[in-house]
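Taking it in order: structure first as structure tokens, then the write-up.
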Amino acid sequence: MVSKIFKKHVKKLIYIQTFLIVVLLVALAYFSYQKFFINEITIEYAKDECGPIGGRISHSLKNEGECDNMCHAICSSKDKELKESLFDFKTTPCYTCECHCN
């Protein structure tokens, strides 16, 4: 026959073990969420090499397509995916190309 003290001791160990398992599962869920579901968006800028050539200003980024290609290259070089690229041709003298990498 098992004594009452031994039964209390076993119950206490089971409660402690259950508590530790729950804490570990919560920690695992938290770190999994941080790793796979929260993606930090970084903003990179593609440089437009512009300057006067033959009385006109020459640009290395001329349109949205070239901006998108440059942003795709910048994001993939940092092992990230391109989320959005913004091309602003109104800025003087050089254009701006903003890349949002995820």
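Coordinate-derived values only; no laboratory data. These figures come from a predicted structure and were not determined experimentally. Ideal geometry is used to build each Cβ from the backbone, glycine not excepted, and the neighbour counts take in all protein chains shown.
When only residues in the range 71-90 that are in contact with a strand residue (DSSP E or B) (Cβ under 8 Å, 6 or more places away or on another chain) and of a type in the set (A, V, I, L, M, F, W, C) count, which is surrounded by the fewest Cβ atoms within 10 Å (Cβ to Cβ)?
Restricting to residues being in contact with a strand residue (DSSP E or B) (Cβ under 8 Å, 6 or more places away or on another chain) and of a type in the set (A, V, I, L, M, F, W, C), the top hit is 86.
Of the residues in the range 1-53, how many are within 30 Å of residue 66 (Cβ to Cβ) and basic (Lys, Arg)?
1
Looking at residue 87, is it assigned to a strand (DSSP E or B), free of Cβ contacts under 8 Å to residues at least 60 places away in the same chain and among the aromatic types (Phe, Trp, Tyr)?
The answer is yes for residue 87.
Picking from 99, 71, 75, which residue would you name as being hydrophobic (A, V, I, L, M, F, W, C), under 30 Å from residue 35 (Cβ atoms) and not in a helix (DSSP H, G or I)? Reasoning before the result, please.
Numbers: 71 fails: not in a helix (DSSP H, G or I); 75 fails: not in a helix (DSSP H, G or I).
Criteria check complete, one pass: 99.
With assigned to a helix (DSSP H, G or I) and surrounded by fewer than 10 Cβ atoms within 10 Å (Cβ to Cβ) as the only criterion, which of 35, 12, 7 stands out?
None of the others qualify; the one that does is 35.
For residues in the range 43-69 being among the hydrophobic types (A, V, I, L, M, F, W, C) and within 19 Å of the chain's Cα centre (by Cα), which is nearest to residue 102 (Cα to Cα)?
This residue is 43.
Would you please list the contacts, defined by Cβ atoms under 6 Å and residues six or more apart or on different chains, that run from a residue in the range 41-66 that is within 11 Å of residue 87 (Cβ to Cβ) to a residue that is among the acidic types (Asp, Glu) and surrounded by fewer than 10 Cβ atoms within 10 Å (Cβ to Cβ)?
Once the first residue is within 11 Å of residue 87 (Cβ to Cβ) and sits in the range 41-66, no partner that is among the acidic types (Asp, Glu) and surrounded by fewer than 10 Cβ atoms within 10 Å (Cβ to Cβ) comes close enough.
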